[in-house]
Amino acid sequence: MKTAVLLPLLVLISPFCDAQTTIFGKTGLIYVPTATRTDDGTFQFGYHYNPIRYGFRYKDRNSESISFINLTILPRLEVNVNLLQYNNHKNLDQKGIGDRQLDIKYLILTETSRRPALAAIISPPFGINSSVSADVLVATKTFKLAPRVFAEVTAGIGSPYFFQRGNKVNNDIFADMKLGKKKNLTYQYLSGPVGGVNLRLERRAGLMLEWDSQQFNMGIYGRLFKRWTVQAGLLNFDQITFGTSYALNLRQSAVSSQNRTDEDAVEPETDLSGPSERNKVLENFENITRDSSGTKIAYEQRLYRNPYRAIKQISLALPDSGIQEYIPMFQGVPIGAYRPGRSAKFRNLAGQELNVSDFPLTKYKLDFWLQPVFAANFGYKEKPIQSNASLLLQTQFFLAKGLAFNTGILFPITNDLDNRPKKIRLAPTYLNQFLAFGQNFVSASAGYFYDDQYGVNLQYRHQNFTNPWSFGLQSGITGLYYWAEKGIYYEKMDNMLLLADVAYRLPYHNITMQLSGGRYLAGDNGARLDLIRQFTNVEVGFYIMKTSYGTTAGFNFAVPIPPGKIIQGKRVRLRTNDEFRWEYAYTRGYRIGERYRTGYQLDQKLRQYYPNN
């Protein structure tokens, strides 16, 4: 009867999506991960239920809910973040949100006709509890049984040992490391020989059988609408587990290479076959200026996070015009000259080319945009996410070339993160001057910033877009402010920020390695290492940091905010902001390596203008 419950999942299935996931979101069977290769840029998220008699932490007492995200950040490298929560937690002395874990999978060997794929999976011991640590080596080989039927056979070995933190304080993720034995845990997850088979019909559905080092499990899965997977399993022929996941590719185009400037990835949605359609597209751009030779055109655009989408769009809107180079501007200041194509070429501007455009204010729209602001921490079981969410209606007034006054109105939505009042108030308001001197860029700001800081901030960056190396400096002096019930509360401007960084852009896959350090906002001194991957329109980063206040790790991302343009005329426009950026740190409450945001971070802004590799 239990097996019969699984059968309806085999219906309503559709063609290829990405790989089936384990209960923790890794590519695999039910519990057992596999060495199956996923496409570069694959992003999956989902949920799984683990039944009460097979609980990892409280076996026979509590069932568990597991949420996860999984990203193939490089063609052979997967990063998985999962959260295990206990259902019916009231019978436990547990108030925390659950167990957070990071898993990393590296594909050592890809599969060929003669050899299996080989992958190593490790669980860095960042969390306090390591009951589901997955340190395992697995091999997978695919056999064709019939024209549409395949068998993926997996075998491997899981480590019987794991690293754990003896220190239960979260301000140092590497504190008091100890080697533990899985045989002392409630459930010995992936401890010893593991293996299984996935009998699949193309990539539409499959039947899974596995030995997870402790018991036999079986399950089935099916694809819905190409991206959605539903699955269920029978653990030890006893209790049912089930789950679902959704997959998409951050590179967007199935035929694109690693370049962010692929024509397939930035093809505009608008039909540009006629003059009226082309003129409508040109309304997306401001301060369009053509040089006397007619071969170069400068312009400003504030709609798209990916500047190459704008280059492609304006080149199609001006066909057969003789234009050879396109010069994007930021706040009226030219960045560089680009020649579009399958492999875009960049040229640094020199001398009088930096003044390629005048700065007539009449060529700029009255621009309004909506910007969500979201600050959050993992809270407790009753309140998993403690957040402060607001919506900002912002605008920008250009006062001179490179000089902009930014202001707006903040509309609070929720706040259970602190005791600040929820009242409509002035949004962050500040002056910003952007300057460019060839390969040297400066951003100077003064006013009320994000993250409750007011004061002055100065950023400098040496950025040659034809060289993989860049470096920068940032300094600022600020004080705390926030809106109280009866006005603005201020503290003295005595928070000194002084940081330096050096970055190297790897020659493949738009990866940037960045090492930074100095004095942070709360007065701690330390260093931070970032690994940043730029996809077509999305940026994802992982970092680790150590300061005098502790050691932590986390991730961040930047994504476009749909729909972009909402209402647009020749003089006025309402849109969503070009990006939403958010960062998560494993620790909370220790103020490790804190910074504040002005309107933009100079290195983040300039990174978007790198030509494709």
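The values are calculated or read from the model by the stated rules, or taken from the named source; none is laboratory data. These numbers were taken from a predicted model, which means no experiment stands behind them. Reconstructed Cβ throughout: ideal geometry from the backbone, glycine too, with neighbour counts over all protein chains shown. Surface areas here come from the heavy atoms of the whole protein model, side chains and all, with no ligands, DNA or RNA. Shrake-Rupley method; radii C 1.70, N 1.55, O 1.52, S 1.80 Å.
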Long-range amide H partners of A522 with built H, under 5 Å = E594
Of every hundred units of 1.4 Å-probe accessible area on the chain, the number belonging to carbon and sulfur atoms, as a percent, is 60 percent
Leaving out ligands, DNA and RNA but keeping every protein chain, what accessible area does V456 have, in Å² rounded to the nearest 10, with a 1.4 Å probe?
-> 70 Å²
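Dipole of the chain, Cα-centred, from +1 at each Lys and Arg C-beta and -1 at each Asp and Glu C-beta, to the nearest 20 debye?
Numbers: 72 positive and 51 negative charges, 122 e Å.
Dipole about the Cα centre, nearest 20: 580 debye.
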Calculated FRET value between S321 and R227, using beta carbons and R₀ = 41 Å, to 0.05 = 0.55
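Which FRET efficiency value, to the nearest 0.05, is calculated for D60 and R100 with the Förster distance at 30 angstrom and r the Cβ-Cβ distance?
So, using R0 = 30 Å, E works out to roughly 0.80.
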When the charge dipole of the chain is computed with +1 on Lys and Arg Cβ and -1 on Asp and Glu Cβ about the Cα centre, the Cα farthest towards its positive end, among Y610, L235, F359, belongs to L235
With a ≥ b ≥ c the root eigenvalues of the C-alpha gyration tensor of the stretch 405-468, is it rounded (a/c under 1.5), prolate (a/b larger than b/c) or oblate?
-> prolate
At R0 = 30 Å, FRET efficiency that the Cβ-Cβ distance of E277 and L370 yields, to 0.05 | 0.70
So, in nm, how far is label T186 from label Q215 when the simple model puts each one 7 Å beyond its Cα toward the Cβ?
-> 1.3 nm
Using the heavy atoms of the protein chains alone and a 1.4 angstrom probe, what is the accessible area of the chain per residue in square angstrom?
-> 43 Å²
Relative contact order, percent, the chain [alpha-carbon distance under 8 Å, six or more residues apart] | 10 percent
In deg cm²/dmol and to the nearest 500, what is the mean residue ellipticity at 222 nm of the chain if only DSSP H runs of at least 4 residues count, each as -39500 (n - 2.57), divided by the residue total?
-> -1500 deg cm²/dmol
Between A400 and F580, how many nm apart are label points set 7 Å from Cα along the C-beta direction?
-> 3.7 nm
From the Cα gyration tensor of the stretch 467-566, with a ≥ b ≥ c the square roots of its eigenvalues, which class applies: rounded if a/c is under 1.5, or else prolate if a/b is larger than b/c, or else oblate?
-> oblate
Taking 0.36 nm per residue of separation and subtracting the Cα-Cα distance, what length does fully extending E202 through A446 add?
-> 82.0 nm
Can you give the accessible area of V81 in Å² (nearest 10), computed on protein heavy atoms with a 1.4 Å probe?
-> 40 Å²
Note the listed values (1) 53, 31, 26; (2) 45, 31, 22; (3) 49, 37, 20, then indicate which one is semi-axes √(5λ) of the Cα gyration tensor in Å calculated from this particular structure.
-> (2)
